[in-house]
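> Would you mind keeping the following structure in view while I ask a few things?
A short reminder: the numbers here are calculations on the coordinates, not readings from a lab. Since we're looking at a predicted model, the values are computed, not measured. Glycine gets a Cβ as well: all are built from the backbone with ideal geometry, and neighbour counts include every protein chain shown.
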Amino acid sequence: MVSQRKLRVAVVGVGYLGRHHARILAALDGVELVGVADRNWPRAQEIARAHGTSAYPDASALPDDVDAVTVAAPTEVHHAIARPWLERGVGVLVEKPLARTLDEADDLLAVAARSGAVFAVGHTERHNPAVQAALPLVDRPGFVEVHRLGTFPERSLDIDVVFDLMIHDLDVLLATVRSDVVSLEAVGVPVLTGRIDIANARLKFASGCIANVTASRISRDRVRKVRFFQQDAYLSIDYASQELERWSLARHPGSAPAIEGGKVQIERQEPLRLELLDFADAVRACRAPLVTGQDGRRALALATRITEAIERG
């Protein structure tokens, strides 16, 4: 039984993000990192040596007896890599975005449903301790303001900024607002690449909530913040510093209403480590992970709508 021995996990793609998958998995209690695979053979060997495991030239060469696989390869190959493992009932965590297209995402979901495989998507911000602390406090927000600004990266240039960065916030919005997007407006432009590098979307939810979401990968400063405005309360999350502030209107008999609140105490932890811990436990327990394949599909669908709106102009 998986629960009676170490969970055998492999990592496919050990570039910008995948190398951190390998680092964390190699150190997790109850987990054995049995291999890393990458088409960049020198990189695969380097990461394997660093963590005392074996290197493989591609996913198909990995041992057959793995219990789980994490996929941090480029988005264009997510479907091709994840599908064979899901077919065999092996637990799979795919980094965001789940796939290139909704058809690919739907196929992976159908395969996982047939085999019963645990299927997780790497929307890491949902594991951020500040987000987890905020979730019970968000109650029918009326307006949400999101800024995710980053410097020009050396990664993810195979996709535009909506799928690269904004999709994190779309997943958090869908998890907190818990309502369907009924309409949206979006603008975006390519600046340093042939793809959209900066984008803004204004989303209207069925609940009446409006969200204004900005994402950029060409900014000088790094900003990762979201603010929720709701009846008698305001919440602010700084993803990077893992800080949460909550302010509310307090009414006391015999005195004027007052604004009270401040920082909420948060125990800082590495979100990616929490994500991989959750995935490993989900595979052992045969339970749903925190961020499911369906969650990844919803975020992908909304990102696709935004990109299509930008392209229509």
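> What is the extension gain from SER248 to ARG88, computed as 0.36 nm multiplied by their sequence separation minus the C-alpha to C-alpha distance, in nm to one decimal?
Result: 52.5 nm gained on full extension.
> Something else now. What do you get for Rg/Rh of the range 178-313 when both radii come from the Cα atoms and Rh is the Kirkwood radius?
1.04
> Taking a ≥ b ≥ c as the square roots of the Cα gyration tensor eigenvalues, with a/c under 1.5 meaning rounded and otherwise prolate when a/b beats b/c, else oblate, which class fits the range 69-108?
oblate
> Sticking with this structure for a sec: Per residue, what volume in Å³ does the convex hull of the Cα atoms of the range 153-211 enclose?
78
> Quick one: among PRO257, PRO74, PRO289, which has the greatest mean-square fluctuation in a GNM of the chain with alpha-carbon springs under 10 angstrom?
It is PRO257.
> Starting from the Cα gyration tensor of the range 1-92, take the square roots of the eigenvalues, sort them a ≥ b ≥ c, and report rounded, prolate or oblate (rounded when a/c is under 1.5, otherwise prolate if a/b is larger than b/c, else oblate).
oblate
> So, one more: Can you pull out the trypsin sites (Lys or Arg not before Pro) in the range 70-133 whose DSSP state is coil and whose Cβ has at most 15 other Cβ atoms within 10 Å?
The qualifying sites are ARG88.
> Something else now. Span-like helices, the chain: DSSP H, alpha-carbon axial extent 24 Å or more, mean Kyte-Doolittle 1.6 or greater, which ones?
Long hydrophobic helices here: none detected.
> I've got another one for you. How large is the Rg to Rh ratio of the range 78-129 when both quantities use alpha carbon positions and Rh follows Kirkwood?
My calculation of the ratio gives 0.99.
> Let me ask something additional. Under the rule a/c < 1.5 gives rounded, and otherwise a/b versus b/c splits prolate from oblate, where does the range 78-172 land using the Cα gyration tensor?
Here the range 78-172 falls in the oblate category.
> Limiting things to C-alpha atoms, what are the Rg and the maximum Cα-Cα separation (Dmax) for the range 126-246, in angstroms?
For the range 126-246, the Cα radius of gyration and maximum Cα-Cα distance read 14.3, 44 Å.
> A further question follows. Which of the lysines could a cross-linker span from LYS263 if the Cα-Cα distance has to be under 21 Å and same-chain partners fewer than 8 positions apart are dropped?
LYS225
> Find the percent of Cα-Cα distances in the chain that exceed 31 Å, and round it to a whole number.
The share of Cα pairs beyond 31 Å in the chain comes to 33 percent.
> Another one. Using just the helices of the chain, give the 222 nm mean residue ellipticity in deg cm²/dmol: DSSP H runs with n ≥ 4 each add -39,500 (n - 2.57), and the total is spread over all residues, rounded to 500.
The per-residue figure over the chain is -9500 deg cm²/dmol.
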